[in-house]
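Scroll down for the structure; my scribbles are underneath it.
The values are calculated or read from the model by the stated rules, or taken from the named source; none is laboratory data. Keep in mind that what you see is a predicted model, and the values were worked out from it rather than measured. Reconstructed Cβ throughout: ideal geometry from the backbone, glycine too, with neighbour counts over all protein chains shown.
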Amino acid sequence: MNSMTSSMEIENKYPKGIPYIIGNELAERFSYYGMKTILVVFMTQYLMSQGKLDPMSDEDAKMWYHLFSMANYFFPIIGAIVSDILWGKYKTIILLSLVYCLGHLALALDESRIGLSIGLTLIAVGSGGIKPCVSAHVGDQFTSKNKHLLEKIFGLFYLSVNLGAMVSSLLTPILLNKYGPHIAFGLPGLIMIIATIVFFLGRKVFIAIPPVGWQQYKKDIFSKAGRKAVLNLSLMYVFIAVFWSLYDQTGSSWVLQAEKMDKAINLGFVKFELLASQIQAINPFLIIIYIPLFTYVIYPFFGKFFRVSPLMKIIAGMLIAGISFAIIAVAESRIASGASVSIGWQLAAYLILTAAEIMISITGLEFSYTQAPNSMKSFIMGLWLLSVSLGNLITAIVNSLLVSPDNPDGLLNFTGPEYFWFFAILMFVTGFVFVFYARRYKEESYIQSRDFEKLNPTLTENN
């Protein structure tokens, strides 16, 4: 009886290192989204050159924003390889977090394009490099005995991401408006230092998987299981990249559209006006509501009638994402006609886009971990994040080639509602094509297996 009780306790108990990872992620995401929320406004209104204001055009700011996002999600593949082969996840996270902090410092001290370039480059290397390691490190804390908690913990992990993002998305625009870039970029930098310290404090309780070395890594990647995982997931990520090309525009084209909207909010008992960049805070706020709603209500309800598979969730998310951009396109049409358009149009679009994010991002994160062979967890997470980079590259290319503000009569002039309709249609088409791919995909399940009684948590890769 005692043995059975002990077994049940182990199966339903979260690993000791989880609170440190969640705390680190909350603080790190505060710093990242706090910086990113104000980035377009900073570039178009506050950028300096030789002591004088030298702001970018809207088109240049969107280009810089999406190139930074692309780089930020390209470096995960580098961080993943370094982690899996050389340093291990813990050491990679700690060292690249320091690079991350230096990037924030550069943005806080230098308001010129040089400071912007240095700061964004260091943040892309630091933030990008640790991304696949943190999410894979979460999964590594679990074994086959408590793997049923993975879905909930990845939901909690994503919840911490969005709690940090919500608070910083509301706060940093106010700091920028009242105190300028030094304070607005400085606070996220300080929070990033705190995030690094929190993660360091958990070093003795983490269950850490050591790096496998180049020979074993090469053998695993080119094995039958390795080749299958990389090929199947890479193809899936190409489809998902289109979603990210839409989603990440909430920080660029949606902010610029919000500048032209009526941002007054009247709740009856209180009235206030939002800053254009603050509207992004609705996304993490909705995430906090949607995660338990989808986990405990929506998925179980539909699960009574059919199996709600991960790929089915992703398909639904793609189609829903297209609807959100259709709403934004209609709002842009009204703005172009000279009508006064309420920010409520964007709030409605966020309600839908955030639901799509739940179905695609959280599902894709968990699905990627389970489909990756054990020695390739960080590498596969890097590929998952590379899909975000590809999505931002798609947006940057569209803004470079298909947006022509100097040629309003051009055939490919997507500067008004056509711009948003283009992405809405692209998402719908991608979702329908993905249906045929998903029907042929054969799911796997790889979970780290270890003997907890034989593994001393203090003898980890970080010591």
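I want to confirm something. Restricting to the stretch 16-73 and keeping residues that are small (Gly, Ala, Ser) and touching a Ser or Thr at 6+ places or on another chain (Cβ under 7 Å), which single residue is nearest to Tyr179 (Cα to Cα)?
It comes out as Gly34.
From the list Met381, Met359, Met318, exactly one residue is surrounded by 17 or more Cβ atoms within 10 Å (Cβ to Cβ), touching a Pro at 6+ places or on another chain (Cβ under 9 Å) and closer than 16 Å to Tyr237 by Cα. Which is it?
Answer to the selection: Met381.
Could you tell me whether any residue of the stretch 336-349 is of a type outside the set (A, V, I, L, M), under 22 Å from Phe432 (Cα atoms) and out of contact with any Lys or Arg (no Cβ under 8 Å at 6 or more places or on another chain)?
Among the residues of the stretch 336-349, not one is of a type outside the set (A, V, I, L, M), under 22 Å from Phe432 (Cα atoms) and out of contact with any Lys or Arg (no Cβ under 8 Å at 6 or more places or on another chain), which makes the answer no.
Just checking, how many residues over the stretch 210-241 are aromatic (Phe, Trp, Tyr), free of Cβ contacts under 8 Å to residues at least 12 places away in the same chain and under 21 Å from Lys89 (Cα atoms)?
Selection size over the stretch 210-241: 0.
Tell me the residue from Ile358, Ile352, Ile362 that is free of Cβ contacts under 8 Å to residues at least 40 places away in the same chain and part of a helix (DSSP H, G or I), please.
When all the criteria are applied, what remains is Ile352.
If Ser368 meets every condition in (1) at pLDDT 90 or above; (2) under 26 Å from the mean Cα position of the chain (by Cα); (3) among the small types (Gly, Ala, Ser) apart from one, which number is that one?
Condition not satisfied by Ser368: (1).
Check the stretch 93-103 and report whether any residue there is among the β-branched types (Val, Ile, Thr) and within 18 Å of Ile38 (Cα to Cα).
no
Could you list, ordered by first residue, the pairs with Cβ atoms under 6 Å in which the first is in the stretch 106-123 and in a helix (DSSP H, G or I) and the second is among the aliphatic types (A, V, I, L, M) and crowded, with 20+ Cβ neighbours inside 10 Å, at least 6 apart or interchain?
Within 6 Å, the pairs are Gly115/Ala106; Ile118/Ala106; Gly119/Ala106; Gly119/Leu107.
Exactly one condition in (1) at pLDDT 85 or above; (2) crowded, with 20+ Cβ neighbours inside 10 Å; (3) charged (D, E, K, R) is not met by Glu418; state its number.
Every condition holds for Glu418 apart from (2).
For residues in the stretch 209-245 being among the aromatic types (Phe, Trp, Tyr) and more than 13 Å from Lys377 (Cβ to Cβ), which is surrounded by the fewest Cβ atoms within 10 Å (Cβ to Cβ)?
Going through the qualifying residues, I end up with Phe222.
Please go through the stretch 64-79 and give me each residue that is assigned to a helix (DSSP H, G or I) and either at pLDDT below 85 or closer than 16 Å to Trp244 by Cβ (or both), ordered by number.
Hits for the stretch 64-79 are Tyr65, His66, Leu67, Phe68, Ser69, Met70, Ala71, Asn72, Phe75, Pro76, Ile77.
Answer yes or no as to whether Asp248 is within 26 Å of Ile328 (Cα to Cα), surrounded by fewer than 18 Cβ atoms within 10 Å (Cβ to Cβ) and touching a residue at least 24 places away in the same chain (Cβ under 8 Å).
no
Within the stretch 135-149, is there a residue that is charged (D, E, K, R), surrounded by fewer than 24 Cβ atoms within 10 Å (Cβ to Cβ), in a helix (DSSP H, G or I) and touching a strand residue (DSSP E or B) at 6+ places or on another chain (Cβ under 9 Å)?
Among the residues of the stretch 135-149, not one is charged (D, E, K, R), surrounded by fewer than 24 Cβ atoms within 10 Å (Cβ to Cβ), in a helix (DSSP H, G or I) and touching a strand residue (DSSP E or B) at 6+ places or on another chain (Cβ under 9 Å), which makes the answer no.
Check whether at least one residue in the stretch 103-111 is farther than 19 Å from Leu190 by Cα and crowded, with 22+ Cβ neighbours inside 10 Å, and report yes or no.
no
Can we say Ala349 is among the hydrophobic types (A, V, I, L, M, F, W, C) and under 28 Å from Ser160 (Cβ atoms)?
yes
I'd like to know if the stretch 263-277 contains one or more residues that are of a type outside the set (A, V, I, L, M, F, W, C) and either buried (at least 22 other Cβ atoms within 10 Å of the Cβ) or under 22 Å from the mean Cα position of the chain (by Cα) (or both).
Looking through the stretch 263-277, at least one residue is of a type outside the set (A, V, I, L, M, F, W, C) and either buried (at least 22 other Cβ atoms within 10 Å of the Cβ) or under 22 Å from the mean Cα position of the chain (by Cα) (or both).
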